[in-house]
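Worksheet: one structure, shown below.
The numbers here are math on the coordinates, done by the rules we state, and not lab data. Just so it is clear, the structure is predicted and the values come from calculations on it, not from any experiment. We place every Cβ from the backbone using ideal geometry, glycine too, and count neighbours over all the protein chains shown.
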């Protein structure tokens, strides 16, 4: 797959790709921790470089939900979206919301040719929702969308 994408096959690239199979929506630090035991000579910078190369080649997708570091995933062949828990940060994939990619069509494209749409749904996962329902009401600890209250 690396060769077909025009990339040279290296130990770091293979290890990073393999790590992402087990770590969907992974931070670069998570990938580094996963590959370090097998590749003691690998640095965090090498992992970032490999992730950048794999992303540029279209083998990996980078997502950046508000308030989160860049996350990497192998699901690149569709226009799926994401659910993010505003409390614990858990992320789940959501298939296209309506119809075929790009799912959403803006009212005015301003001359753009639209080929993709990124949608992030914010809410509470079931464990966080259950915990919030059983906790005493405290308006200072209510989860909010990461962009709320920022200017």
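Data overview
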{"item": "Cα gyration tensor category, rounded, prolate or oblate, for the stretch 10-129 with a/c compared to 1.5", "result": "oblate"}
{"item": "Value of relative contact order over the stretch 1-77, rounded to a whole percent, pairs C-alpha under 8 Å and six or more apart", "result": "34"}
{"item": "Residue exposure sequence - 134, 87, 5 - by fewest surrounding Cβ within 10 Å", "result": "134, 5, 87"}
